[in-house]
Every structure is written in C-alpha cells, then in structure tokens.
Amino acid sequence: MKLAEKIGPLLHNSDPRQLRRFANILRFFAALLVVTLVARGTAGVTMPVVEIQSPASGTVSTSISASATVACAGGEPFTLPEGLLVTGVPVQVGQEVRAGDTLATFDSAELARAIASKKAELQQVQVQAAQQQKGDEADPFNAQLSQQQLERAYEDTQRTYEDGQESIERAREKRDEAARAVENARNAPLDSALPQQDAEAQKQAKNEAATAALESAEETLYQAEKAAESANEAALSAAQNAEDSRNTALHALEKEEEDVAEQNELNRAAAAVSNANAAYLQAELDQLLDLQTSGGQYLAPKAGTIVELDLVVGQPSPAVGGLLADADADYTVEVPLTKQQAELVVVGTVLHVSQGGSGGDAAVQSLSSPDADGNVTAKATLPQGNWSASAASATATAQTARQDLVLPATAVRQDNGGNYVLAVEEQNTLLGLQNVLVSLPVTVEETGDTMVAVSGALDYQTQVVVTSNKAVQAGDTVRIKQ
C-alpha cells in the first residue's frame, strides 16, 4: 500500500492541530533526507580513492645491475725481444688482425745494438760450454816418478846384496886359504937340514904365522858379512821408503782422479745448462734477426683478435707483448658483485649482458671466494655474438622460494610501531554502509623490486590498499577505484 493511501484516512479524520504537527514531522524528515543526500554526495567527491588487492601466494623477484668486463677466452701470448724501444703500436685491444699485420715497430739503431750484444753473449756461452764439456784429467807425474824411484831402489837393493855377497865370498875364500895354510903348517915335516931344535922352532914360527893369517882372514870375513848386512838393511830401508812414497803418490793420484771425475761430472752438468742457455740465446738472436729483416716491425704470427696489449710507445718492450686469440674464440664475462648482490646470485643464475649494440644471456658458471668485504666475482661464457674485450653491463633477476602472502611493495607502510598495511572494511555509519580503513601489522619476510612477502593478521580475502590518490590512514573512509 502506498504512503498516501495509508495516511489519507488519518488526515481526513484528524483535527487541524494534529495535521500541523504531522506536516512539521514530514518537513523535518524531508530536510534530513536532503542533508544526508548532500553530505553523501559531498563525501563521495572529497574522500580518497584507493586501489585494493588481496594477498596471493607467489615469488619475490629482485633485479641487480652491475658493470662487467668482457674478455676473450684462451688467448695465446705473443712473445717478442725484451727491452727494445717501442716506436709505434698501430693496433688496439679488440682489433682483429691477419697473419703478417704489423703489431708494433721498434727503433732500428737500438735493434742493431741488441743484435751485436746478443751475438757476443752467445759466443761467450758457447765457448764456456765447450770448456765445460771437455773436462780435465788427473796428473800422474808424481805417481810415475815415485814408481821409477821405487824401481831404482829395488835395483840398488839387489846390487847392494850382490856386492855384499861378492865381498863375503872373497873374504871367505881368503879365510879358507888361511885355514889350509894353518893345516899345511901343522902337517909340514921338520926341516932335516936343520938341527932338531931349530927345525921345531921354525915349524912353530910357521904355525903361528899361519894361525895369525887365519885369524886376520876370519876377521876380514866377519867385517865383510857385517858390512854386507848393514848395506842390505840400508838398501831395504831405502826401498821401503821408496815404496811408501810410491803408495802415497798412488793414493794421491786415485783421490785426484775421483775429484777430477766428480768435477768433470759437475762440468758436464754445467755444460748442459750452458748449452740450454746457448739455445735460448740463439732463439733470442734469431728473433732479433727476424725483426731486423722485417724492418723493425713485429708481425702478427697468426690471424685472430687482440685481447690484451702490453706495448706502450716510448717504453721498452716486455717479453710478452699481449694475447692473441683465434678469430672464433669464446668470450667470457666477469661481473663484480657486492655482498648484497652476491647473496642473490648462485651458479646457474642467468645474466643478461649488454655491450654496445650486442646483448645476450649467459648462465653464471663460477663464483669467486668472497673478499674481506664479502664481494665476489661471477664468471660466465657468453654466447656467440659481436663481442669485444672491453667494458659491458650486466643485469640479473633473482627469485625467492614461493611465499604464502605476496603483495605489491606499495602496500606495506611503516611507522614507529613497525610495518603495517591498510585494509578496507565495510562499516555502518551515520551516512550508511561505508568503506573504512583499518591498520593490520605485518612482518616483511622478503623484499623484491616491486613485490614483498609478508606475514601477519591477514589472509587471501583481506582487501589491502596498494595505492591511493591522496594520503590515507587508519579510520579514513575511502572509495574503491573501480
């Protein structure tokens, strides 16, 4: 039933005063309705407009950016004469060269001096090697002389013995003659022509004379034997001394031969070193001569890319001029990472490397040990492309493990009490059912570039404010952006 149908009879049966009171009530509610409509319209125009989003499970991604260095892998060093004055370097790192291209030029006068010096040094080492290889021999002179003296001593001993025996034999013969004379004198008959007494006296005198002669002969034999014995002893002593001298000389010769053999072995070893030095010097000389033949220009030994160059005009040349890689060699990248970045990168993390107009993705193959500050270096091999050995830039995106509650980073706010989010709740107010903001404390578990993982008093149905067109806080009435 319509309102007019309900109040029609009431108005017809009421007195005028009731009618006036009823009319006033109607005017009040009409005015209140107008005010409410105006207030709600005004509030709808001025209240903040927010975007909301409910938490969802997912991952948090973090991007990192770092400077990088691209290098050519497997470059071979090219060697050149050391210490020459560099007058020109017509190439640069990253440049591709052909075999025979000029990599550097050198001062011709200094090159000539280096060749002359190297020839003299080579000749000196070669002579030294020949002397060391020849070796020495022990000197047998003293031993030979001692042997000759020993032989002469043996001869003198034999001669002395023979001479003594001869003297003894002569003395013995004379002694034997004297003994026979004594025997003859004893057995001789008396001289009959003389008287008996005179004849006996004569025989007695002859016996005494023969006996005296025998005694003298025996003394002579004794002295001869004694002299021979002394001479033999002296000769044998001299021979013994000669033999001792010979043995000493032979021992000295043997020791000298051992020392000489040992020294010769050392000399042969030194000769091997000298020959090796000579071969090295010859190679250096050949390199200098080749450089002189080419007019003081060092030519590329093969085609490839220069990945390192250590030649500076006006400076002496090093032994290694740089690195030359094959034309199809791989390129690697090294990316220094801070401690915070290193916590996000593991072996296998994909790096996007940019260099000039070239770009490509490469998976991290190794990570260096952290330094004192926790910084590490990531290394990777680049895909085929137009790379050069120079600076580059690298980026990577790291993802956390799957999280239960993930929100846009703009949803999380912070005050003195910590982190919180603003959630939308429908509440009855004087102006009717409205969206009112409430504060919910949260804990940030992971932070990414645009998303964060949180935990706290919210679930998948919670409507969280992620953006608003003006500043908002708990207790504010808001309008949800459609």
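Numbers below:
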read-out	value
For residue 91: the one exception among (1) under 30 Å from residue 382 (Cα atoms); (2) open to solvent by less than 20 Å² (accessible area, probe 1.4 Å); (3) part of a strand (DSSP E or B)	(3)
The range 390-404, residues that are farther than 30 Å from residue 305 by Cα, assigned to a strand (DSSP E or B) and either free of Cβ contacts under 8 Å to residues at least 24 places away in the same chain or of a type in the set (A, V, I, L, M) (or both)	398
Those strands (runs of 3 or more DSSP E) lying entirely in the range 282-389 with at least 3 residues of a type in the set (A, V, I, L, M, F, W, C) and open to solvent by less than 70 Å² (accessible area, probe 1.4 Å)	304-309, 320-325, 331-337, 376-381
Yes/no for residue 263 being open to solvent by 50 Å² or more (accessible area, probe 1.4 Å), out of contact with any strand residue (DSSP E or B) (no Cβ under 8 Å at 6 or more places or on another chain) and under 27 Å from residue 127 (Cβ atoms)	yes
So residue 271, is it touching a residue at least 40 places away in the same chain (Cβ under 8 Å), over 19 Å from residue 125 (Cα atoms) and part of a helix (DSSP H, G or I)	no
Some residue of the range 65-78 being open to solvent by 50 Å² or more (accessible area, probe 1.4 Å) and either part of a helix (DSSP H, G or I) or closer than 30 Å to residue 405 by Cβ (or both)	yes
Pairs, first surrounded by fewer than 18 Cβ atoms within 10 Å (Cβ to Cβ) in the range 175-192, second not polar (S, T, N, Q), C-beta under 6 Å, six or more apart	179/214; 190/199; 190/203; 191/199
Scan of the range 448-469 for residues that are open to solvent by 90 Å² or more (accessible area, probe 1.4 Å) and over 17 Å from residue 56 (Cβ atoms), ordered by number	469
Those residues of the range 131-152 which are open to solvent by less than 70 Å² (accessible area, probe 1.4 Å) and under 21 Å from residue 250 (Cα atoms), in sequence order	138, 140, 143, 145, 146, 147, 150
Conditions (1) surrounded by 20 or more Cβ atoms within 10 Å (Cβ to Cβ); (2) under 26 Å from residue 476 (Cβ atoms); (3) touching a Gly at 6+ places or on another chain (Cβ under 6 Å); number of the one not met by residue 441	(1)
Single residue of 367, 407 found to be free of Cβ contacts under 8 Å to residues at least 40 places away in the same chain, touching a strand residue (DSSP E or B) at 6+ places or on another chain (Cβ under 9 Å) and not hydroxyl-bearing (Ser, Thr, Tyr)	367
Residue identified as at pLDDT below 90, touching a strand residue (DSSP E or B) at 6+ places or on another chain (Cβ under 9 Å) and among the aromatic types (Phe, Trp, Tyr) among 28, 78	78
Of the criteria (1) over 30 Å from residue 259 (Cβ atoms); (2) open to solvent by less than 80 Å² (accessible area, probe 1.4 Å), which one residue 155 fails	(2)
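The values are calculated or read from the model by the stated rules, or taken from the named source; none is laboratory data. A quick note: this is a predicted structure, and the numbers were derived from the prediction, not measured. Every residue, glycine as well, gets a Cβ built from its backbone with ideal geometry; the counts of neighbours run over all protein chains shown. Protein only, heavy atoms only, side chains kept; ligands, DNA and RNA dropped before computing areas. Shrake-Rupley method; radii C 1.70, N 1.55, O 1.52, S 1.80 Å.
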